[in-house]
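The values are calculated or read from the model by the stated rules, or taken from the named source; none is laboratory data. Because the structure is a prediction, the values reported are computed rather than measured. Counting neighbours? That spans all protein chains shown, and the Cβs are built from the backbone with ideal geometry, glycine included. Each accessible area value is taken on the protein alone, full model and side chains, heavy atoms only, with ligands, DNA and RNA left out. Shrake-Rupley method; radii C 1.70, N 1.55, O 1.52, S 1.80 Å.
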Amino acid sequence: MVVKNSSKNTSNNTNTNQSSNNQWDDVRAALKQFWGYEDFRPPQGEIIRMILEQRDALIILPTGGGKSICFQLPALLQTGLTLVISPLVALMENQVQELRDRKLPAALLHSELPRYQRQQTLQALEKQQLRLLYLSPETLLSAAVWKRLCQPQLQINGLILDEAHCLVQWGDTFRPAYRRLGAVRPALLKCKPKGTKIAIASFTATADPKAQQTIRKVLQLQQPQTFLISPYRDNLNLQVQTVWTPKGRRQRVLNYIKARPKQAGLVYVRSRKDSEVLAQWFTSLGYSTAAYHAGLGAQERRKIEASWISGQTQFVVCTCAFGMGINKPDVRWVVHFQAPLLLSEYIQEVGRGGRDGKPADALTLVSEPTGWFNPEDKQRQEFFSHQMRSQYQQAQQLAKQLPAQGEVAKVAKEFPNGAIALALLDSAGQLEWIDPFHYRQHRSQKSSSLAQVSNIQQQAQSQMNQYLKTRQCRWQFLLKAFGFTQEAVGFRCDRCDNCS
């Protein structure tokens, strides 16, 4: 079942009978107790009801739509454990800290944790003291954690894949563990008492029709109810501007920030080095800013986040590591110093602006199209495209050397990039997972070649270029790209650079 633009559908089922009303009153009372809200925003109530019924779901809500409450509240209302699979340490830390501040039984596991904290969490897991456990795909599939999750007495209610677009963006070549997540539920059920049910729900702000199909297939969702809410935000003004030189790019963003004194914002770049170099330049000009990327320690990241959220730091120069799960309502502007590779990244990042419903501006800077005066953008795109083609070619060659059936850990140990090769074979339909740790190669009539899979990825990148060059309404382009074709017909936002 698909619920599209479902704000009209959310409250009809809450009055079915008195018993249902009483149960729902308890759910709303918990919302008030834990978060202080009087009622749910559409379609939160319908999603929570479905998760409490332990049904599979694919949920696509715009940034700022209140996704985390949709899975946190059901987890807290049930006995047993809900596993939240999350892509970034910063995202896990922010959500778990907020839950702990409310004295709620949540914890996290990741590779950067001190050993004593890790042991504390594992002990709490064994004693069934947790309701929510946040962890990455890699940590979920680590031996120590998996062993404890498989204990028959540990009740697991559900698996939540937060920021599910990362499965599509990173699952083939960057984070191959994502491709094994579909084998997790059947493997866990084999360890649990007969009749156990584990539901899977995936949450994201961005997934076009192809990405939705990939998420359903990889996670092996069973008759999922799908919530598709338009990404359109009428308070978010989109602009793309051409710059002719590296110096001109810096000057353009400087003038942009000068025109917005004391307004909170974000400057997105594509690499750690760029974030540090640009932040140093702004600091030398007297601006209160900082560089933020995945290479920073947890304490330093928390310090930068707190300074920005409190208003001490006006803006942060950041990579894509910043933003997911960080809630600051009054961000008035977002600048892409360099354009993202994918539209899904773009929507995620511009969505940091205007979460309070007030107007916000999003500016993307692009080099002039020839690349003669400033070849940086062209070189960056060519680098990533070459890197991607190279990975697929290496995987194709490596696939011939891999055992027809085997264990992921052994393959990864014996062959450099072996785990990535397995993920790519899975993406091409040439491999199946016996369980999260063992695979079997096969070829069927539906299998694709790795070259075909590579072409699909190249098309996703070219879509971003089309957006940057389009003369049509930018929101109309985005609505079409993310599958809202009917809504896009004749659409004009009257506020993007192309409309105005």
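Results, tabulated for the structure shown:
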{"read-out": "Hits in region 45-59 - residues which are open to solvent by 10 Å² or more (accessible area, probe 1.4 Å) and either closer than 25 Å to Leu343 by Cα or of a type in the set (Lys, Arg) (or both)", "value": "Arg49, Arg55"}
{"read-out": "Members of region 164-193 that are modelled with pLDDT under 95 and assigned to a loop (DSSP other than H, G, I, E, B)", "value": "Ala164, Gly171, Asp172, Thr173, Phe174, Arg175"}
{"read-out": "Selection status of Ile326, surrounded by fewer than 23 Cβ atoms within 10 Å (Cβ to Cβ), among the aliphatic types (A, V, I, L, M), modelled with pLDDT under 95 and part of a loop (DSSP other than H, G, I, E, B)", "value": "yes"}
{"read-out": "Qualifying positions in region 367-378 - touching a residue at least 24 places away in the same chain (Cβ under 8 Å), open to solvent by less than 30 Å² (accessible area, probe 1.4 Å) and out of contact with any strand residue (DSSP E or B) (no Cβ under 6 Å at 6 or more places or on another chain)", "value": "Ser367"}
{"read-out": "For Gln280: the one exception among (1) open to solvent by less than 50 Å² (accessible area, probe 1.4 Å); (2) touching a strand residue (DSSP E or B) at 6+ places or on another chain (Cβ under 8 Å)", "value": "(1)"}
{"read-out": "Residue in region 241-260 that is in contact with a His (Cβ under 6 Å, 6 or more places away or on another chain), open to solvent by less than 60 Å² (accessible area, probe 1.4 Å) and of a type in the set (Ser, Thr, Tyr) present", "value": "no"}
{"read-out": "Leading residue by the ranking (nearest to the chain's Cα centre (by Cα)) among those in region 422-438 that are open to solvent by 50 Å² or more (accessible area, probe 1.4 Å) and without any contact (Cβ under 8 Å) to a residue 40 or more places away in the chain", "value": "Glu432"}
{"read-out": "Sole residue being of a type in the set (A, V, I, L, M), at negative phi and surrounded by fewer than 15 Cβ atoms within 10 Å (Cβ to Cβ), chosen from Ala419, Ala409", "value": "Ala409"}
{"read-out": "First in region 29-40 and under 13 Å from Gln72 (Cβ atoms), second anywhere and open to solvent by less than 40 Å² (accessible area, probe 1.4 Å) and assigned to a helix (DSSP H, G or I), Cβ under 6 Å, 6 or more apart", "value": "Tyr37/Leu31"}
{"read-out": "Some residue of region 226-238 being touching a Gly at 6+ places or on another chain (Cβ under 6 Å) and either open to solvent by less than 10 Å² (accessible area, probe 1.4 Å) or assigned to a strand (DSSP E or B) (or both)", "value": "yes"}
{"read-out": "Residue tally, condition open to solvent by 20 Å² or more (accessible area, probe 1.4 Å) and either touching a strand residue (DSSP E or B) at 6+ places or on another chain (Cβ under 6 Å) or closer than 17 Å to Gln463 by Cα (or both), over region 345-359", "value": "1"}
{"read-out": "Checklist (1) over 17 Å from Gly353 (Cβ atoms); (2) at pLDDT 95 or above; (3) in a strand (DSSP E or B); (4) of a type outside the set (Phe, Trp, Tyr) applied to Val316, failing item", "value": "(1)"}
{"read-out": "Those residues of region 395-414 which are outside any loop (DSSP other than H, G, I, E, B) and either in contact with a strand residue (DSSP E or B) (Cβ under 6 Å, 6 or more places away or on another chain) or at pLDDT below 80 (or both), in sequence order", "value": "Ala395, Gln396, Ala399, Gln405, Glu407"}
{"read-out": "Selection status of Tyr346, among the aromatic types (Phe, Trp, Tyr) and in the same structural domain as Val335 (by the TED database)", "value": "yes"}
{"read-out": "Some residue of region 379-388 being more than 30 Å from Glu414 (Cβ to Cβ) and buried (at least 16 other Cβ atoms within 10 Å of the Cβ)", "value": "yes"}
{"read-out": "Some residue of region 265-274 being assigned by the TED database to the domain that holds Gln54, touching a residue at least 40 places away in the same chain (Cβ under 8 Å) and open to solvent by 60 Å² or more (accessible area, probe 1.4 Å)", "value": "no"}
